Every structure is written in structure tokens, then in C-alpha cells.
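To start, the structure itself, in C-alpha cells.
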Amino acid sequence: MFSMPLPLFAEQIINGIVLGSMYALVASGLTLIWGTMRMLNFAHGEFYMLGGYLFFLLISSLGLPPALAVPISISLVFLVGLAVQRLSVHPLLGRPQWEFSTLVATLGVSIFLQNAALHIWGERFKTVPYFINGTIDIVGMRLSYQRLLILAVAIFAMVVMWYLLRRTRFGMALRATAMDRDAAMLYGVNVYRVFTITFGIAAALAGLAATMLASINSISPWMGAPLMLKGFVVVVLGGLGSFPGAILGGIIIGIVETLGVITWSSQWREVISFTVLIFILWFRPWGLFGVKES
Amino acid sequence: MSRLELSGVSAFYGDAQALFDIDLVVEPGEIVAIIGSNGAGKTTVLRTISGLVKPRNGSLQYDGRDLASATAWSVVSSGIAHVPEGRRLFREMSVQENLMMGAYHRNNVADGKVDLERVYTLFPRLAERRDQLAGTMSGGEQQMAAIGRALMARPRLLLLDEPSLGLAPKIIETVFKTIREINADGVGIVLVEQSAQLALETAQRAYLMENGRIVKSGDASALMNDDAVREAYLGL
């Protein structure tokens, strides 16, 4: 790393930010669900997987351009997210030990969706072409258009999420529910509707990440699990339930991994991200943006 | 008219019965106190009225509407606002956002803005702190914000759970003066207080609860002079 020329180093930092922005999308969905419902969603990786397959089908079977296939894919994943929440999580909420039963239920959904994908689409890996080819040279750095596009989409998605959370009536209801569920209900928030829609939004964010990464990584029934694990690392690093934490945590992990992989080798990818996690948790057990439990 | 009536209400937390056969009436514009020691079920009565706890038996009516089967989030639109024990503000929202949450159910930002000015007139302190995060304010300011949030809902009946809890005597005086002002505008009030003295001085009528049951009720002045109440709750 230290013998690397500066432009190459900067190039890798940008690649790390691009990768990290996708981790941030996946993690922000997990953190939204944790923040509002106080539950872990183990089917999150499968929403990512579904996003990948739906995108693949729209591109290769229907021949749609990415500009149409991306919004359609994430809308469909949003609807799947709503359905999964209503059918598997919603009936358990508020019952004894629901924190545990919802976790098991989403794990069940995860296994179901993986096997369904395996039966429907088979185990052969699928790929989609780059949306745009070519690279651009900026002050000695060579960056691919595809990666820059991914970064632009991620930033756009974050701005939309910020607007949704901070400036809309639904965002007020969501934040109120996250801070105090009973008080939100007392002032007219149907918290169960907030839970369902939040689940859908989280699924759509994972689906969006999948459409963006589809041309770089390949699509398979098992593509979700490693990314969800990475999502959990990012969420814990950033602070459970914190949206800015998920973004910053994602970018930190993305950069560290990218630099680590070119310095050592890609086999060390997971070791590197978990080492960073453990190291940061020594000093801030509540995560970068989390709130210290009193 | 907007009369609240509970009759024969029982409620449970899991298997544990918290309320037994509660009969309670609040006439429009009245201040009714519920007194009793810790754990007597006072808070549960309020939580049942506002739908956070579902009654297992009995009837619960407000303004001719059956609240026993209503969802918790629909109760506020029938004119009941609940200021819960411990204030329960949205801690990481600003004071102004908290107040606007009080008007959430009306879904009318213009109306909300009008009411906001009224609350700021009633509590000038909140106007100064409008951009501050609610969780960082003092206890007294938080209590004002919690009452302000409830007023933003335009209630005809206000449920107040331990408004004096943890406040300095001077602040308590201000809070109770405000409560009387709100009542003077025709808003009915159910006041749950551990400080029986304060509650009986403020209310017109009162109920005394023990172990989930109502054991005495009547005019506040009559309860104030009741020997058993004086001995057990007023320390006289």
C-alpha cells in the first residue's frame, strides 16, 4: 500500500467508496428495520438476491434498458418486502418473545427464498452487462463510468431517503415510532402500517444495491448471505438504528476492504472487515453513531 | 356531549389482572383526579382509556363512541389526548417537531401552524427552545412540551399522568396553573397524581384506587376531609 503511486491510491479510495456506498444501501435497510421495530431481519440478503434476479430477467428476457429495469425491479422488491412483513413478521409482533420468533421467521423466509430461487432459476451464475462501458482519466486516476454511475445512484438514493425521513409526514411517523412506539400511537400513528412500509423500503434499498452490483458481481441464489453479513458488520460499526452510521460505516468498510485486498489478497476480505469492526468496538462498543446505553 | 364513561372495566397485563370492575365517569369540562399509591392501577386506567391497554370486560365510551374496540392510534381523533407518565417526548426530535407530532392525526399543516403559535403563547419558554432537541431540556420544560404536544391535538379531554413527577415545587406550581387555564377553556381533565394533596386541590371530583380497584369516589373536598384518605394519602 505504501509503495503505491498516489493516483492509484486515490483510485482505490474511490473504488472503496463505490463499494462502500452499496454496503451502505444494504445496511441502511437493516438499520431502519432495527430502529423502528427493534428486530433483526435475516431475510434481508434475499431481498438483495431477488433484486438481482428481477433485474436480470427484465434486462435479458424482456430486453428492457437499465433505466427502466432498475426502478421496476426495486418496486417489485418493495412489494415483496411488504408481503413478507405482513405474512411472516406482522402476525408475531407484540406476542410473547416476538423478538426471537420474528428472527426465526425471517430466517425461515430466507431459506425459503433461496431454495425457491434455486428451483426457478437454477444454480448457474447469471451476469448482466455494464450499463455503460469505458473509463475516464481524471488527474491520473482511471475510473470506470459504471462505478461512477453506481456512486451517483447511491448518493441520489441517500438524498431521497434523507428527504423521506426528515421532510415528509411518513418520515415523521417513522422517526416517532422509532423513538417511542407508545407515544407515536397516542398521537395517531398507525405503527403497524409504519412497520410494514419500513420493511418494504428496506427491501427496496437492498434490491437497488443488487441492481447496481449485478454487472460487477454475479447473480446466484446465495448472493445475499455474504452481503447481509457485511450489512450487519456495517450496522454494528455505525451504531444500531443510526442511518448516518450505516452510511459512514459502509464507506469505511468499503475503503478498508478495497485497500486491504490490493495490499494482501482477496481471501482476506472478511478478516479485514471483521478486524476493523472488533477494533472500533473496543473503543466505542455502541458504534460510531449509536447511543450509549445508560 | 363529550362524556367519558367506563363501566365494569377489567384489564390484564398478560395473565396478571391490573384493573377490576372500574366504574368511572368524566363529565365535559370537569377535572377528575385519580389518586392512590404506586401500583394501584392509576396509570393503567389512563392507558386503557387511550387504547394502549385493551379492556377484557366492561364498556368504555367517549362521546357516544365505543372506545373498547378502537385502535390506540384512532383514539386521539375522537378528542382525547394523553400525556403519559415520564413525558415520553420524541427525544431526538426538536421541540417544534414534537409539537407538530401532536397535530399529526389532523394531517393539516396550516392548522398545525396556527395551533403552534397558541402553544408558544401559553409556554413562551418552548418558543425560545423550539429548535432544541426535546431530550436535552430540563424536566419542567419537557413537561410543558408534553402538555403542549397534547394541546396540539385539540383535545376535549386531556389525560395527565403524574405531571408533577420529578419537578421542583416552583415548576409544579406553574404546571398546575397552566392545567387550570386549559380547563377554563372547557377541556376536561383526568389527573393522575401520587401527590394526593395537589390532586384534590385541583380537581372537582376524585377517585381513590387500591390494588386495581376503585375504593372511594366523590367530591374532591369530601375526599380531602375523609379520615381514611387523610391518614393514608395526605399524611395528616
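Scan region A:211-226 and give yes if some residue there is within 27 Å of residue A:66 (Cβ to Cβ), assigned to a helix (DSSP H, G or I) and either within 14 Å of another protein chain (Cβ to nearest Cβ) or in contact with a His (Cβ under 9 Å, 6 or more places away or on another chain) (or both), otherwise no.
Yes, region A:211-226 contains at least one residue that is within 27 Å of residue A:66 (Cβ to Cβ), assigned to a helix (DSSP H, G or I) and either within 14 Å of another protein chain (Cβ to nearest Cβ) or in contact with a His (Cβ under 9 Å, 6 or more places away or on another chain) (or both).
Could you list, in sequence order, the residues of region B:99-113 that are closer than 14 Å to residue A:167 by Cα and within 21 Å of the chain's Cα centre (by Cα)?
B:100, B:101, B:104
Do you know which of the residues in region A:95-124 that are without any contact (Cβ under 8 Å) to a residue 60 or more places away in the chain and within 17 Å of residue A:34 (Cβ to Cβ) is surrounded by the most Cβ atoms within 10 Å (Cβ to Cβ)?
A:105
Which of the residues belonging to region A:162-191 are within 30 Å of residue A:18 (Cβ to Cβ) and surrounded by fewer than 20 Cβ atoms within 10 Å (Cβ to Cβ)?
Once the filter is applied, which keeps residues that are within 30 Å of residue A:18 (Cβ to Cβ) and surrounded by fewer than 20 Cβ atoms within 10 Å (Cβ to Cβ), region A:162-191 yields A:162, A:163, A:164, A:165, A:166, A:167, A:168, A:170, A:171.
Does residue B:120 qualify as being within 14 Å of chain A (Cβ to nearest Cβ) and surrounded by 14 or more Cβ atoms within 10 Å (Cβ to Cβ)?
Taking the combined requirement at face value, the residue does not satisfy it.
Among the residues of region A:87-98, how many are closer than 15 Å to residue A:191 by Cβ and under 21 Å from the mean Cα position of the chain (by Cα)?
Result for region A:87-98: 1.
Rundown of residues vs (1) at pLDDT 95 or above; (2) assigned by TED's automatic domain parsing to the domain that holds residue B:179; (3) more than 30 Å from residue B:7 (Cβ to Cβ), yes/no style:
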site: B:72; (1), (2), (3): yes, yes, no
site: B:113; (1), (2), (3): no, no, yes
site: B:127; (1), (2), (3): yes, no, yes
site: B:147; (1), (2), (3): yes, no, no
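Any residue in region B:91-113 that's more than 9 Å from every other protein chain (Cβ to nearest Cβ) and within 12 Å of residue A:169 (Cβ to Cβ): show its pairings with residues that are assigned to a helix (DSSP H, G or I) and among the hydrophobic types (A, V, I, L, M, F, W, C) at Cβ separation under 9 Å, as long as the two are six or more apart or on different chains.
B:112/B:99; B:112/B:100; B:112/B:152
Regarding region A:255-267, can at least one residue be identified that is within 23 Å of residue A:39 (Cβ to Cβ), in contact (Cβ under 8 Å) with a residue 12 or more places away in the chain, in a helix (DSSP H, G or I) and more than 14 Å from chain B (Cβ to nearest Cβ)?
Within region A:255-267, none of the residues are within 23 Å of residue A:39 (Cβ to Cβ), in contact (Cβ under 8 Å) with a residue 12 or more places away in the chain, in a helix (DSSP H, G or I) and more than 14 Å from chain B (Cβ to nearest Cβ).
For every residue, the table says whether it meets (1) surrounded by 18 or more Cβ atoms within 10 Å (Cβ to Cβ); (2) on the phi < 0 side of the Ramachandran plot.
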{"site": "B:166", "(1), (2)": "no, no"}
{"site": "B:187", "(1), (2)": "yes, yes"}
{"site": "B:203", "(1), (2)": "yes, yes"}
{"site": "B:206", "(1), (2)": "yes, yes"}
{"site": "B:216", "(1), (2)": "no, yes"}
{"site": "B:221", "(1), (2)": "no, yes"}
{"site": "B:225", "(1), (2)": "no, yes"}
{"site": "B:229", "(1), (2)": "yes, yes"}
{"site": "B:234", "(1), (2)": "no, yes"}
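Can you tell me how many residues within region A:76-89 are surrounded by fewer than 16 Cβ atoms within 10 Å (Cβ to Cβ) and not basic (Lys, Arg)?
Going through region A:76-89 one residue at a time, the tally reaches 3.
Hey, any hits in region A:147-162 for a residue that's out of contact with any strand residue (DSSP E or B) (no Cβ under 8 Å at 6 or more places or on another chain), closer than 18 Å to residue A:245 by Cα and not hydrophobic (A, V, I, L, M, F, W, C)?
no
Out of A:152, A:116, A:184, I need the residue that is within 11 Å of another protein chain (Cβ to nearest Cβ) and of a type in the set (A, V, I, L, M, F, W, C). Which one?
From the options A:152, A:116, A:184, the qualifying one is A:184.
Determine whether residue A:175 is within 20 Å of the chain's Cα centre (by Cα), free of Cβ contacts under 8 Å to residues at least 60 places away in the same chain and within 14 Å of chain B (Cβ to nearest Cβ).
Here the answer is yes, as residue A:175 does meet what is asked.
Going through region B:75-89 one residue at a time, which ones are in a loop (DSSP other than H, G, I, E, B) and under 20 Å from residue B:124 (Cα atoms)?
Passing the criteria: B:87, B:89.
How many residues are small (Gly, Ala, Ser), buried (at least 24 other Cβ atoms within 10 Å of the Cβ) and closer than 16 Å to residue A:253 by Cα when one looks only at region A:1-30?
Going through region A:1-30 one residue at a time, the tally reaches 5.
If you go through region B:47-78, how many residues are within 12 Å of chain A (Cβ to nearest Cβ) and touching an Asp or Glu at 6+ places or on another chain (Cβ under 7 Å)?
2
In the same structural domain as residue B:138 (by TED's automatic domain parsing) and either free of Cβ contacts under 8 Å to residues at least 40 places away in the same chain or crowded, with 17+ Cβ neighbours inside 10 Å (or both): does that describe residue B:33?
Considered against the rule, which asks whether it is in the same structural domain as residue B:138 (by TED's automatic domain parsing) and either free of Cβ contacts under 8 Å to residues at least 40 places away in the same chain or crowded, with 17+ Cβ neighbours inside 10 Å (or both), residue B:33 comes out as no.
The values are calculated or read from the model by the stated rules, or taken from the named source; none is laboratory data. Quick caveat, the model's predicted, so the values are computed rather than measured. Neighbour counts are summed over all protein chains in view; Cβ atoms, including those assigned to glycine, are modelled from backbone coordinates with ideal geometry.
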